[in-house]
Amino acid sequence: MELSNIENLVEKYENAETSLQEEAVLKNYFSNEDVAPHLMEYKALFAYFNTSKEERFTKTIPLKRKQTNFWWLSIAASVAIMVSVYVVNDTSTSSSITPQELAEAEQALKDTQKAFQLISQNLNKGGNVAMASLGEFEKAQNKVFKIE
Amino acid sequence: MNQTEFLNTVLPLKDKVFRLAKRLLVSRDEAEDATQELYFKLWKNKEKLQEYKNVEAFAMTMTKNYCLDQLKAKRSNNLTLVHSNYTDDNISLQKDIELKDSVSRVHELIAALPEKQKMIIQLRDVENYEFEEIGKILDLQPTAVRVALSRARKTIRKQLTKQHNYGII
């Protein structure tokens, strides 16, 4: 490449009129060892561009973060809410009792009370019998030991 | 866009995204964080990516917007970027060894440019995009891209020549 040609390209380069191909020619020229002394400063410039292009991103790119795992949690939460609402509704509807059920329940209460009374009467009876036998026992004891 | 399409079309852009982010955010750590964040966003929107004719331009535009937002937030927090608080593997090491090294000077000269010119230099001279593509990415007319690019190149060259002639660092 002739020097006059390079000088021409350099001027175009400064005016930002060079094409990418022409800039590649310049880059190539300035990467050589023998560069015209009055164009030395461009050598540093193009050398810098070349080294800059070599720089690489070396870290990893995490595409999936923990956040992506939270979508199912919202579903679980909504299911839990729906279930609890359903359960609450279910119990509140079943607490409304029909008159028939009420009568049955009262009947059951009466029956139970009757049963309890029967038991307690028997228990009282049993208590009296026991007390009577205790009296008998005392009499017999007194006879044996003659305390008085 | 399914996973394999995403891996084939969007993932290979990660170096370009990273380099543009680094050009704007200066520090390597921040550029890495930005790249990860941007890829997470792209992944989340992978269904919508199909609607874009030019996925690459879209990804680069997103990078530009995200980084400029980051810079704006930083400035409003009064946390200005101090030029000495970053370490760049290849560049600052050279700078320590040989301060006169004009390659690392180029880095500083570009860093001193306005953001728009910085991005255009990055996209044209490092990534070799066409003017039309740069215009699409930055939402500018191709002629406006040319004007800004010419201005940036002239500024850098002027500074380099100054040093070259007088040995001023």
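The values are calculated or read from the model by the stated rules, or taken from the named source; none is laboratory data. Just so it is clear, the model here is predicted, and its values are computed rather than measured. In this analysis, Cβ positions are derived from the backbone assuming ideal geometry, glycine residues included, and neighbour counts consider all displayed protein chains.
Of all the numbered requirements in (1) free of Cβ contacts under 8 Å to residues at least 24 places away in the same chain; (2) more than 30 Å from B:THR35 (Cα to Cα); (3) at the interface with chain B (Cβ under 9 Å from one of its Cβ atoms), A:LYS59 misses one, and that requirement is (2).
Checking every residue in segment A:64-73 against the condition of being modelled with pLDDT of 80 or more and on the phi < 0 side of the Ramachandran plot gives at least one match. Screening B:ALA144 against (1) modelled with pLDDT under 85; (2) more than 8 Å from every other protein chain (Cβ to nearest Cβ) leaves a single unmet condition, (1). Scanning segment A:34-46 for residues that are at the interface with another protein chain (Cβ under 8 Å from one of its Cβ atoms), surrounded by 17 or more Cβ atoms within 10 Å (Cβ to Cβ) and among the hydrophobic types (A, V, I, L, M, F, W, C) yields A:ALA44, A:LEU45.
Screening B:GLU56, B:GLU30, B:GLU51 for residues that are out of contact with any Phe, Trp or Tyr (no Cβ under 7 Å at 6 or more places or on another chain), in a loop (DSSP other than H, G, I, E, B) and acidic (Asp, Glu) leaves exactly one candidate, B:GLU51. Could you list, ordered by first residue, the pairs with Cβ atoms under 6 Å in which the first is in segment A:1-15 and within 15 Å of A:ASP34 (Cβ to Cβ) and the second is surrounded by 15 or more Cβ atoms within 10 Å (Cβ to Cβ), at least 6 apart or interchain? Cβ pairs passing all conditions: A:MET1/A:TYR29; A:ILE6/A:TYR29. The condition (being on the phi > 0 side of the Ramachandran plot and at pLDDT 85 or above) is satisfied by just one residue among B:VAL26, B:VAL10, B:VAL17: B:VAL26. Is it true that some residue in segment A:46-63 is in a helix (DSSP H, G or I) and farther than 21 Å from B:ASP15 by Cα? Within segment A:46-63, not a single residue is in a helix (DSSP H, G or I) and farther than 21 Å from B:ASP15 by Cα. Scanning segment A:17-33 for residues that are outside any helix (DSSP H, G or I) and either loosely packed, with under 12 Cβ neighbours inside 10 Å or out of contact with any Phe, Trp or Tyr (no Cβ under 8 Å at 6 or more places or on another chain) (or both) yields A:GLU17, A:THR18, A:SER19, A:ASN32, A:GLU33.
Of the set (1) within 12 Å of another protein chain (Cβ to nearest Cβ); (2) polar (S, T, N, Q); (3) within 23 Å of B:ILE120 (Cα to Cα), all apply to B:GLN3 but (3).
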